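Note sheet for the following structure.
Just so it is clear, none of the values below were taken in a lab; they were calculated from the coordinates. Predicted model, so just to flag it, every value in this text is computed and none were measured. Here the Cβ positions follow ideal geometry from the backbone for every residue, glycine too, while neighbour counts run over all protein chains shown.
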């Protein structure tokens, strides 16, 4: 990995980890205050409306991904005129998207009462709450586009630091106002204000970093527009599939089971999301650098980095899955009480969704940074249809866990097959069965280590927060110890270790 690329990955990763650690603590404090002051019904409303607005993200159509992909090469070549043209197109598209989402969201208003099976016992008007969620979503599309240039330029740590500082301030303000007023509307208004402040701040920083953005942009050529929007049409189908896979669980739970169940599930989802967000700061640090790599490197180098990245995500997300499944219920019980616990099978289902999405990261990142948008554009639609059908069928068969098991099954049968097929056949010129064999083997190994960890934790009799800490420590030692024994002597792990030592040595010398 060239020095500049390694340095950017390191900076992005370090900033992400530090920021996420602070955010995670703030989020759990905020959720604790939220539950104690407002209760499970508000949690359900919060989760439901968040899912509905995820569906509205379909209006983005993948324009952001298509333009960020188009930025990798001009950034590598320092083609400022091309960068300015692409960013101008990006700005115009996002303004239109914001207006479309506002209009579509407003049109959904009359149907809000029909989505909720049992109306929650809360004093606020549900329509007003929904409009505030909608406003926050619409605001997020204005001024945000410039942050994508910073990210594509491998300096995502700047965006992360600013975003996390503002998010931390937002969270503290929300905690204070919830504690003092118990007012959910003020809580949401603070969220809207923070979103707008975040976008404006990052936009101003981008203007300072790239002053040429202020020049009048040269209109992008029709040929370039045609190429970009060809990718956009394909990405629109990916957006649809992603929205259905990731954004319908709470809606289905609300319709099939009730709003309170949405609230109970949301605590476990928060636990997964918090841990996942922490890992995404590690894996996400590689995205722009992989884009740069795929723009200028040879096939052998691409394949080498892919295998390393695959091992990293399997290790990280395997640890997350085993840890959360093993410790989630003891953690929830100590944190907010037994009345918020879910059956173990539901916990496994929720975590499996996070695990299978996480280990797909390497294949997904290579497909997007290589620009394979059109080739498998119908796969996400297939996954979305399978997910809806399976969710309903499995809910009737096994209950709440069925809704969550449907998502990873749909993902595996869709992009889990298509993404590795594309990158192995078109880029690596190898059979994709190599990938799928590793995929199955890694997953079986994770399950086996998970069984060992679960057996060990059941013999820990210490109660309270100390018991939870001891359980987490036990899982950490066992899982990572076994993985180190298995992979510590492999060429891939030794290469990763060598790169880490080299990077650490450079930092020491620079200091």
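Miscellaneous remarks
- Peptides 300-308, 378-386, 337-345, ordered by how many other C-beta atoms sit within 10 Å of their residues on average, highest first, read 378-386, 300-308, 337-345.
- Size descriptor for segment 148-205, Kirkwood hydrodynamic radius: 12.3 Å (Cα pairs only, one decimal).
- The value of relative contact order for segment 299-455, using C-alpha pairs under 8 Å at least six residues apart, is 28 percent.
- Multiplying the residue separation of residue 344 and residue 487 by 0.36 nm and removing their Cα-Cα distance gives an extension gain of 48.5 nm.
- The listed peptides 41-49, 468-476, ordered by packing as a protection proxy, come out as 41-49, 468-476 (highest mean of other Cβ atoms within 10 Å first).
- Remark: the residue 106-residue 388 segment gains 99.0 nm on full extension, using 0.36 nm per residue and subtracting the alpha carbon distance.
- For segment 154-226 versus segment 437-456, the gap between their alpha-carbon centres in whole angstrom: 40
- The calculated FRET efficiency for the pair residue 222 and residue 304, based on their C-beta separation and a Förster distance of 41 Å, comes to about 0.60.
- Residue separation of residue 32 and residue 182 scaled by 0.36 nm, minus their Cα-Cα distance, works out to 52.7 nm of gained length.
- Förster radius 30 Å - calculated FRET efficiency between residue 447 and residue 336, Cβ distance, rounded to 0.05: 0.55
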